[in-house]
1. Assuming 0.36 nm per residue, please report the length gained on full extension of the stretch GLN83 to GLN158 beyond their Cα-Cα distance.
2. How much of the accessible area of region 33-90, probe 1.4 Å, is carbon plus sulfur, in whole percent?
3. Can you give me the accessible area per residue for region 65-168, using a 1.4 Å probe, in Å²?
4. Are there any GluC sites (Glu not before Pro) in region 78-144 that are in a DSSP loop and have at most 15 other Cβ atoms within 10 Å? List them by number.
5. Rank these by accessible area, largest first, 1.4 Å probe: MET89, MET153.
Amino acid sequence: MKKLFSVLALSALLGMPVFSHAEDMADHHGLMITQAWSRVTTPGAKVGGGYLKIVNHSDSDDRLESVASNHSGKAEIHSMVMQDDVMIMRPLEDGLAIPAGETVYLAPGGLHLMFMQLRQPHVVGEPFEATLNFMHAGEKTVSFEVLSMRDSMAREAQSGNHAEGHKQ
């Protein structure tokens, strides 16, 4: 008991939550969002992509309904598919299902976030935030790492390039 009190007192003194992971999982209905990144954009670019991994550890389905960011005038959840040898990108009007117990990847060439009307370019080493709005889990603010073109291609290769936005 004395050790627990010492840990709690030290945690309070340093302003660090002791049970942050458990609280995060409870606050967001079992959703875990990781590997959020974007590619560097050229100065004056008006669009940029956002990629990440969402794991639903709960027993209930959820849905990513919308995305918003202060660094862009508009943000949407998009799909990208090949149709008759033409790549077609469209917003998902009904959001993106996040089935219970599954992992959903948003990656280049497939499901992704699209940041439009950029107010500033995506600069390597300067992360930006976006707020993801889920049907059940509510709002979750995510920090996106900005990678160089070379590093983003390496990231795709490491992750197995889940271009179709696969669920596992």
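The values are calculated or read from the model by the stated rules, or taken from the named source; none is laboratory data. These numbers come from a predicted model, not from an experiment. When we count neighbours, we look across all protein chains shown, and the Cβ atoms used for this are built from the backbone with ideal geometry, even at glycine. The protein model used for the area step is the full one, side chains on, heavy atoms only, and it has no ligands, DNA or RNA in it. Shrake-Rupley method; radii C 1.70, N 1.55, O 1.52, S 1.80 Å.
1. On the way: separation 75, 0.36 × 75 = 27.00 nm, distance 2.69 nm.
Between GLN83 and GLN158, full extension yields an extra 24.3 nm.
2. Numbers: 1520 of 3160 Å².
Here carbon and sulfur together make up 48 percent of the probe-accessible area.
3. 55 Å²
4. Sites meeting the loop and neighbour criteria: GLU93, GLU102.
5. MET153, MET89
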